[in-house]
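Q: Structure provided below as structure tokens; questions to follow.
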Amino acid sequence: PPPRPSMASLHRSGRTAFLRALARRDKVFRIIDAKDQILGRVAVQAAMLLQGKHKPFYTPSVLCGDPVVIINASQFALTRSKSESKIYRHHSGYPGGLKTTPLKTMLEKRPERAVWLAVKGMLPSNRLARGGMMKMLRVEVGEDPG
């Protein structure tokens, strides 16, 4: 077979179809165990895998990351007193519609949501992250990834 062209020459010549084919072919499910790990460290690790920055053919404009499953999402660790001080905010869009939820309340009701939001905050704010990368993330409260 002919030698494969280098990644630099592919970018210069504008042939990204080869990279897209590589990205579709080389998908591997990654499982991250969040038990007794710091929330931010788990989120960084998941964001790197979702973006595909661990692969030699990483391209920012191509969805080349791997699907990620985070298990034991309710058993992550926090630094200092974040369970009391961290607050999640969202707005309804109406005047006076700011809603706040402390992390302590979120951990009681939906602990997987805290992990999901942490990973979302580590990803770029573009269509590729919203449409592709976040759909490849699954967060499980228990041990079973299936």
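The values are calculated or read from the model by the stated rules, or taken from the named source; none is laboratory data. Just so it is clear, the model here is predicted, and its values are computed rather than measured. Cβ: placed from backbone, ideal geometry, glycine included. Neighbour counts: every protein chain shown. Note: accessible area is taken over every heavy atom of the protein model, side chains too, but ligands, DNA and RNA are not part of it. Shrake-Rupley method; radii C 1.70, N 1.55, O 1.52, S 1.80 Å.
Q: Leaving out ligands, DNA and RNA, what percent of the accessible area of the chain is carbon and sulfur, probe 1.4 Å?
A: So the carbon and sulfur contribution to the accessible surface is 55 percent.
Q: Before I look further, what does segment 79-127 give for accessible area per residue, probe 1.4 Å, in whole square angstrom?
A: With all protein chains present, segment 79-127 gives 76 Å² per residue.
Q: Residue by residue through segment 96-108, what is 3J(HN,Hα) from phi via Karplus (6.51 cos²θ - 1.76 cosθ + 1.60, θ = phi - 60°)? Round to whole Hz and write x for glycine and proline.
A: Each residue of segment 96-108 in turn: x, x, 7, 10, 10, 9, x, 4, 4, 5, 5, 5, 6 Hz.
Q: Ok, one more. Per-residue HN-Hα couplings for segment 111-119, Karplus 6.51 cos²θ - 1.76 cosθ + 1.60 at θ = phi - 60°, whole Hz, x for Gly and Pro?
A: The phi angles translate into x, 5, 5, 5, 5, 4, 5, 5, 5 Hz.
Q: Just from the alpha-carbon atoms, what are the Rg and Dmax of segment 36-129 in angstroms?
A: In Å, with Rg to one decimal and Dmax whole: 15.3, 48.
Q: Taking amide H atoms as placed 1.01 Å from N in the peptide plane, list the residues 5 or more away in sequence, or in a different chain, whose amide H sits under 5 Å from that of I32.
A: Those qualifying (amide H under 5 Å, at least 5 residues apart or on another chain) are V69, I70, I71.
Q: In whole Å, how far is the Cα centre of segment 39-83 from that of segment 116-146?
A: Cα centroid to Cα centroid, the span is 8 Å.
Q: Just to confirm the filter: which trypsin sites (Lys or Arg not before Pro) across segment 77-131 are DSSP coil and have at most 13 other Cβ within 10 angstrom of their Cβ?
A: R80
Q: Now a separate question. How much of the DSSP bridge set in the chain is antiparallel, in percent, rounded to the nearest 5?
A: 40 percent
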